[in-house]
1. If I filter region 139-162 for residues that are modelled with pLDDT under 95, part of a strand (DSSP E or B) and among the small types (Gly, Ala, Ser), do I get at least one hit?
2. Given the criteria on the phi < 0 side of the Ramachandran plot and open to solvent by 10 Å² or more (accessible area, probe 1.4 Å), does Val85 qualify?
3. Residue check: is Ile216 touching a Gly at 6+ places or on another chain (Cβ under 7 Å) and either assigned to a helix (DSSP H, G or I) or of a type in the set (Val, Ile, Thr) (or both)?
4. Name the single residue that is least open to solvent (accessible area, probe 1.4 Å) among those in region 219-238 being closer than 16 Å to Glu167 by Cβ and part of a helix (DSSP H, G or I).
5. Using beta carbons and a limit of 8 Å, which pairs, at least six apart or on different chains, have the first residue in region 179-202 and of a type in the set (A, V, I, L, M) and the second one surrounded by fewer than 21 Cβ atoms within 10 Å (Cβ to Cβ) and at pLDDT below 95?
6. Please work out which one of (1) touching a Lys or Arg at 6+ places or on another chain (Cβ under 7 Å); (2) under 28 Å from His238 (Cβ atoms) is the condition Ile68 fails and give its number.
7. Within region 20-41, work out how many residues are touching a Leu at 6+ places or on another chain (Cβ under 8 Å) and open to solvent by less than 60 Å² (accessible area, probe 1.4 Å).
8. Can you tell me which residue is surrounded by the fewest Cβ atoms within 10 Å (Cβ to Cβ) among those in region 101-140 that are under 19 Å from Ile240 (Cα atoms) and among the small types (Gly, Ala, Ser)?
Amino acid sequence: MRAIILAAGRGMRLQQGDAERFPKCLLRFDGVTLLERHLRLLDAVGIDEVVLALGWQPGLVEAELTRIGARVEIVVNPGYDLGSVLTVHTTADALTRGGDVLLMDADVLYDERIVEALVEGRHADRLLIDRAFVPGDEPVKVCVKDGVAVEFRKQVAPGLDYDTIGESVGFFRFTEGTARRFTEIVAGYVDSGRANQPHEEAIRDLLLEGDHPLEIGDVTGAPWIEIDFLGDIALATHEILPQLLRLAGALR
């Protein structure tokens, strides 16, 4: 199993302070970058094959990899400002190399139980949800009916029939066949001039096809946060990080 970490974006919604001057994966919490945390947690569950998709300021990320002594495969999307579909497209080789593959956003501070829920079991197509989310327009919502995802989008159509709803953590696991189909869908976006779309739209198409149903991994109760806005940095520092440190201390 290998992991692809998407870290190409500029983070335009972090418009003030130092956060806008370097990639979000280099944000530090308790002195540790998000990138280093990702690599530590992946290593802890036995994943040492990592592909890092970069775009904006790749040299800064490469310097961090050198600092921490990490060896990862790097792909660079020169058109990173167009959209994350194009970044995923640059990782097509890694997606279709065989075996199960993880697709992960880089800008997430999260508990180890989340990655454990992603990798458990021999082979799986899986996405993770948190049912304890704050409603609004920003969270990517997963609507589930009888254990099957029936919608995957920020905006849910009125009247949609579902029995469970949660926020997507932004981490996915694909088996070999599903990864190949997802890669084909992404290529279709690029070929049809839709490279400016978020990669979540391609995942939604994959789900709605129904040929590769993804298991729902419920990680409600495990602390995590995606860093999109300046306020998220404060929440990560003052709410999520203390929980992670307490949990880490309890395990020692």
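1. Checking region 139-162: at least one residue is modelled with pLDDT under 95, part of a strand (DSSP E or B) and among the small types (Gly, Ala, Ser).
2. No.
3. Spelling it out, Ile216 is indeed touching a Gly at 6+ places or on another chain (Cβ under 7 Å) and either assigned to a helix (DSSP H, G or I) or of a type in the set (Val, Ile, Thr) (or both).
4. Looking at residues that are closer than 16 Å to Glu167 by Cβ and part of a helix (DSSP H, G or I), I get Ala236.
5. Correct list of pairs: Ala195/Gly79; Ala195/Leu82.
6. Of the numbered conditions (1) touching a Lys or Arg at 6+ places or on another chain (Cβ under 7 Å); (2) under 28 Å from His238 (Cβ atoms), the odd one out for Ile68 is (1).
7. Residues in region 20-41 being touching a Leu at 6+ places or on another chain (Cβ under 8 Å) and open to solvent by less than 60 Å² (accessible area, probe 1.4 Å): 11 in total.
8. The residue in question is Ala132.
The values are calculated or read from the model by the stated rules, or taken from the named source; none is laboratory data. The structure presented is a predicted model; accordingly, all values stated were derived computationally and were not measured. Glycine gets a Cβ as well: all are built from the backbone with ideal geometry, and neighbour counts include every protein chain shown. In case anyone asks, the SASA skips ligands and DNA or RNA and just uses the protein heavy atoms, side chains included. Shrake-Rupley method; radii C 1.70, N 1.55, O 1.52, S 1.80 Å.
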